[in-house]
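Enquirer: Sharing a structure with you now.
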Amino acid sequence: MGRLAERIRAPGAALLCALALALTVAAAPAAAATLQEFLADIPPAELVPGAASFGAPEGEPPLAPVLDAAGARVGWAYLNTDFTTSVGYSGKPIRIVVGIDPAGTVRGIRLVEHHEPIVLIGIPEAEVMAALNDLIGQDLAAVAAGTAKPPQVEIVSGATVTVLVMGDSVVRSAVALIRGGRLGDGAPLAAGAPVAVKREIDPAKTEIRDWASLVGDGSVRSLRLTVGEVSEAFADAGQPAAASHPETRNPEDRFIELYVAPVSVPSIGRSLLGETGYDRLAAKLEPGQGALLIAGDGAYSFKGSGYVRGGIFDRVELIQDGQGTRFRDRNHTRLNGIAAVGAPRLKEIGLFVVPTDFAFDQAAPFELQLLVQRATQGRDKATIPFTLDFTLPEAYLLPAPPPEPAPAAPAATPPAPAPAGLADDQVGSPLWVRMWEMNRIPIAVTATAILVLTGIFFFQNTLTRRPRLLKGVRYAYLAFTLVWLGWMVSAQLSVVNVLTFVNSLVTGFSWEFFLSAPLIFILWAAVAGGLLFWGRGPFCGWLCPFGALQEFASAAAKKLRVPQITVPWSLHERLWPIKYMIFLGLFGLSLYSLAQAEVLAEVEPFKTAIVLKFNRELVFIAIALLWLLPGLFIERFFCRYICPLGAALAIPGRLRMFEWLKRWPECGSPCQRCAVECPVQAIHPEGNINVNECIYCMHCQELYHSETRCPHMMVVKARRDKIAASSAPSLKIPPGPRPKPAHAHT
């Protein structure tokens, strides 16, 4: 323990104490802002044209009257999250203040709070708001009455899920407000009119049927589209660029064959899921809660990839009675097949439980809307919706009761309770388990790569005695890190991961959140273990894709004879603290606002150079090049002086338990060879290695064992050769007459 304590030097201990103190100070959570607080920063005319002031919020959820100069009410202002859920990629609410007139028409929208990374970083907020503003002027009273479909916002490439969630929340909250009768005289919509008869499912209808009969009577509905039909639809919608970019060359190829069926209906569920599958589903559902089986095949995926990154299926929407909902990953269970006899083998099959906060009547007609996205130019996409209508066959329903008159106007509608994770109602395995199952091959490859790297470190003495082999192994591993870990599976760790982890300790830690990204979790577990054994070197020198990119760029520059700059030691060691200052600044800011810290974390070019492969706006490409270009003259310039992630890893790295890098007594005095040849100048002139800066390239260990370059080993070899020569048997010929050759003539 004494030896370990000696290694925990004062600067590292001070930094650790500072972090702990900051966590303690930040432990008190901040309360969410209210409608009245948000209205203080919004001009009334922005929400309702011609308005001059806001009245005091009324009722629960609060609704603020919007007044003109004479004090007359011209509309209302409300906060979307008071009436419906609005959770995007970040897992946190997207808060929007909406202005609506008494007739139910949206007059203004202001985005007041969000934590969406794709809006904070890379996608201009103005572009997102321009798409959301398509809802201004929309008559949502018709939607609430069921005579019109919910309007769709224009999709923003790169922010599809975020824009859809924002648009949905505005429409759903407005419809809930209108139906609650709070816009006019307090009467609910269509009060006094006859109410449609509510039908009930016949629980005695439980027969198991084959696929052909289910499709034949409409128990399973389908939507079939060819590539040519989709291209024609884009052309008719005024999207010629999308029409000219078909998925396949043959317009007759199948674009998608989409099926939907309500498996919460006993007979349909038993037929499609099997007895065991249906019983498991029924045990999980709350009374009245519905579930759908959605399956598809063809060139287009109805699932897409948005749910993997952000947890939302952005390509399908369930619509009923003018309201819509999109499924989240926690509502989804992947199925391997359909149990019904004669069912086809389909590429994608999913079981989707309807969220409890969406009033779904499985006995009433509904629609499944498919949002088709097609690339136009670069990262830009065009979108167009297709609708699959579903009406449950009469055979599954009880006889209709006589119609009843409409009930009296209810009191103000209370806010719909937000789903608390839906953990108890979730079907199948947790999300993180499904994510690990979906990524079995990448997980196996990553785990194998980490085991290989562990072997390299444990047998480093053998490897460093063979310089050519070491160089080949290192460059092969770095190529794997850059191409596969970085560009193919985007497993680039970031200081944002550190900030998010710390923030979760303050606001509520959940293992499932971190387990839902398997490769990132595995890499962080490997980094944590590596910190105890070797410090930050294993990650920075071997597992960081951007570090590998820098090293390859530097190697190419040397090959092209680009002059290399050796930073004077006195300046070099004074530049080291910059990255620690950047990290501590980001860390401190994250305790106040994680969203703002994520924005400033763009000082890391990882997302631009690795995750997005330079397919980004010019300003971000310029930032990446700003850090890459100096690396052509000063090897790993960014790693040495700027990288906040390297600084974050160096602090706990001081707690390492072993010394794996060997030194001779002559190292530093008088020999300076290792210090001179270290690619990142991590060796002090005195000869000791600064593990906070070491990338564990093992070049110093290669020199350590070299009998031709290390002065100590050269002396040892010379002595060994001298001893060997003095102890060898003599080869001198004793004196006397020499025998004549056999062929000599006398």
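The values are calculated or read from the model by the stated rules, or taken from the named source; none is laboratory data. Please read all numbers here as calculations on a predicted model, not as lab measurements. Reconstructed Cβ throughout: ideal geometry from the backbone, glycine too, with neighbour counts over all protein chains shown. Ligands, DNA and RNA are stripped out before the accessible areas are found, and what is left, the full protein with its side chains, is counted by its heavy atoms. Shrake-Rupley method; radii C 1.70, N 1.55, O 1.52, S 1.80 Å.
Enquirer: Just to make sure I understand: if all protein chains stay in place, what is the order of Val716, Val502, Val452 by accessible area at 1.4 Å, largest first?
Expert: Val452, Val716, Val502
Enquirer: Amide H neighbours of Glu707 under 5 Å, at least 5 residues apart or on other chains, H built in the peptide plane: list them.
Expert: none
Enquirer: Quickly work out the Ile319-to-Gln596 label distance, labels modelled 7 Å from Cα along the C-beta direction, and quote it in nm with one decimal.
Expert: Once both label points are built, they end up 4.1 nm from each other.
Enquirer: Between Thr206 and Leu532, what length comes free when the chain is fully extended (0.36 nm per residue of separation minus the Cα-Cα distance, one decimal in nm)?
Expert: Between Thr206 and Leu532, full extension yields an extra 111.4 nm.
Enquirer: Same structure again: Which entries of Lys205/Lys347; Lys471/Lys607; Lys303/Lys347; Lys198/Lys284; Lys471/Lys559 show an alpha-carbon separation above 20 angstrom in the structure shown?
Expert: Pairs exceeding 20 Å: Lys205/Lys347; Lys471/Lys607; Lys198/Lys284.
Enquirer: Work out how much length Asn133 to Leu626 would gain on full extension: take 0.36 nm times their residue separation and subtract the Cα-Cα distance, in nm to one decimal.
Expert: 173.9 nm
Enquirer: How far apart, in nm, are the 7 Å Cα→Cβ label points at Met713 and Leu397?
Expert: So the label points at Met713 and Leu397 sit 8.5 nm apart.
Enquirer: HN-Hα J couplings of region 211-216 from phi, Karplus 6.51/-1.76/1.60, θ = phi - 60°, integer Hz, Gly and Pro as x?
Expert: 4, 4, 6, 5, 6, x
Enquirer: Ser593: accessible area at probe 1.4 Å, nearest 10 Å²?
Expert: 20
Enquirer: So how do 694-702, 239-247 stack up, highest first, on mean other-Cβ count within 10 Å?
Expert: 694-702, 239-247
Enquirer: Over region 213-268, what is the relative contact order in whole percent, taking alpha-carbon pairs under 8 Å and six or more residues apart?
Expert: 45
Enquirer: Would you please give the residues with an amide H less than 5 Å from that of Ile109, counting only those at least 5 places away or on a separate chain, with H modeled from the backbone geometry?
Expert: Gly99
Enquirer: Give, in nm to one decimal, the length gained when the segment between Ser669 and Ser53 is fully stretched (0.36 nm per residue of separation minus the Cα-Cα distance).
Expert: 214.0 nm
Enquirer: To continue, here is another question. With each label point set 7 Å from Cα along the Cα-Cβ vector, what nm distance links Gln564 and Ala375?
Expert: 3.9
Enquirer: Sort Arg199, Arg249 by heavy-atom solvent-accessible area, probe 1.4 angstrom, most to least.
Expert: Putting Arg199, Arg249 in descending order of accessible area: Arg249, Arg199.
Enquirer: Count the net charge of all other residues whose Cβ sits under 11 Å from the Cβ of Thr566, scoring Lys and Arg as +1 and Asp and Glu as -1.
Expert: -2
Enquirer: While we're on this one: Can you run phi through the Karplus equation (6.51, -1.76, 1.60; θ = phi - 60°) for region 40-54 and list ³J(HN,Hα) in whole Hz, with x for Gly and Pro?
Expert: Calculated HN-Hα couplings, in order: 4, 10, 10, x, x, 5, 6, 8, 9, x, x, 6, 10, 7, 10 Hz.
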